[in-house]
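See below for the structure under consideration.
The values are calculated or read from the model by the stated rules, or taken from the named source; none is laboratory data. Note that the coordinates shown come from a computational prediction; the quantities given were computed from them, not determined experimentally. FYI the Cβ positions are ideal-geometry reconstructions off the backbone, even for glycines, and counts take in every protein chain you see. Only protein heavy atoms, including side chains, enter the accessible area calculation; ligands, DNA and RNA are left aside. Shrake-Rupley method; radii C 1.70, N 1.55, O 1.52, S 1.80 Å.
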Amino acid sequence: MSDRSKPYYSVRTGKNPAAALDLPILRQMFLVVYKELYRGGYFDESFGSRCVDAGDIPGTLGSDIEGVMFVKLRKSSLWPVGEKIVNYSEDDLFDVIEFLFDHIAKPVDGHYHPYNDCGMHWSTFNRVEGQNEFRERVNRLLSDYAEGCSLSERGEIFDAPASGMETLIEADLPAHDPLNVEGRVQTAVEKFRRHRASLEDRRDALRDLADVLEFLRPQIRGVLLSKDESDLFNIANNFGIRHHNQLQKTNYDQPIWYSWIFYYYLATIHACLRLLKKQPDQDRTHAG
């Protein structure tokens, strides 16, 4: 039987009020996912397991998981998850999800201990496969929580991208300049999408993208029309993104406009780098 990923009737038709998850429902549904993975041995490598003969067998994190979580997360009373989750705040839940992502590994090989039906003792694990499965299952829940969130490939929770922009967010930039382009763009994307990012955080992200475009400006003159080039920088300079003066326009709906500018700049950087990549090497040199 396949793992059905599309929603069932009442959710699909908007007749189920639980379709949009609030925090208590999200906690309950995540606990179902966590327990299934825990029973399946996905946390045995890190958290250890129990044997009817040997007793508790520590994992790579040792025998004091609560202590490890306290050191890593700077919070107490989060472990064991099954008992404490009912009191988790949103921040607690997201911290634990990210922590579990870092310490999950899919069991691959081991042996079955038949005495008293003890069960499997796993010895070989695949962390990447475990993280991919965890991320896929958690994201099915996070996508329906609040305005939508997602767990990234690096195990960090971000706000979901605007509808239709998922491909742009996930797309890799063409290799160009890791320090001045790719790295700065990645930082800007993470800063803009960070869950509950402030308007100042988002404005900083827009400045970062504008700085990347400024860095590329001498090169992109050859691939953009002069008016397009001018419009790119007019947006940043005249809408209170990069500079501050009395001539700037600031009386606009910032959340809406910041989102538009962010995706516009990000798409432009992608397009310009792809156009530059098509040009001969001698046409891609830095000006002056």
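General observations
- Which listed residue, of R154, R135, is farther than 25 Å from I256 by Cα, touching a strand residue (DSSP E or B) at 6+ places or on another chain (Cβ under 8 Å) and either open to solvent by less than 80 Å² (accessible area, probe 1.4 Å) or outside any helix (DSSP H, G or I) (or both): R135
- The set of residues from the stretch 157-200 being under 30 Å from K277 (Cβ atoms), open to solvent by 30 Å² or more (accessible area, probe 1.4 Å) and of a type in the set (A, V, I, L, M) comprises A160, A162, M165, L168, A171, L173, A175, L179.
- Tally, over the stretch 75-87, of residues that are touching an Asp or Glu at 6+ places or on another chain (Cβ under 9 Å) and either more than 25 Å from L141 (Cβ to Cβ) or of a type outside the set (S, T, N, Q) (or both): 7
- Screening G82, G119 for residues that are without any contact (Cβ under 8 Å) to a residue 60 or more places away in the chain, surrounded by 13 or more Cβ atoms within 10 Å (Cβ to Cβ) and of a type in the set (G, A, S) leaves exactly one candidate, G119.
- Enumeration of residues in the stretch 47-73 that are in a loop (DSSP other than H, G, I, E, B) and at pLDDT below 95: G48, V52, D53, A54, P58, S63
- When K75 is tested against (1) over 19 Å from D102 (Cβ atoms); (2) open to solvent by 40 Å² or more (accessible area, probe 1.4 Å), only condition (1) is not met.
- Residue in the stretch 1-46 that is modelled with the lowest pLDDT, counting only those that are of a type in the set (D, E) and farther than 17 Å from A105 by Cβ: D3
- Residues (over 14 Å from L216 (Cα atoms) and among the charged types (D, E, K, R)) located in the stretch 168-182: E170, D172
- Hits in the stretch 100-116 - residues which are at pLDDT 85 or above, farther than 14 Å from Y38 by Cα and open to solvent by less than 60 Å² (accessible area, probe 1.4 Å): G110
- Boolean, L78 is at pLDDT 95 or above and in a loop (DSSP other than H, G, I, E, B): yes
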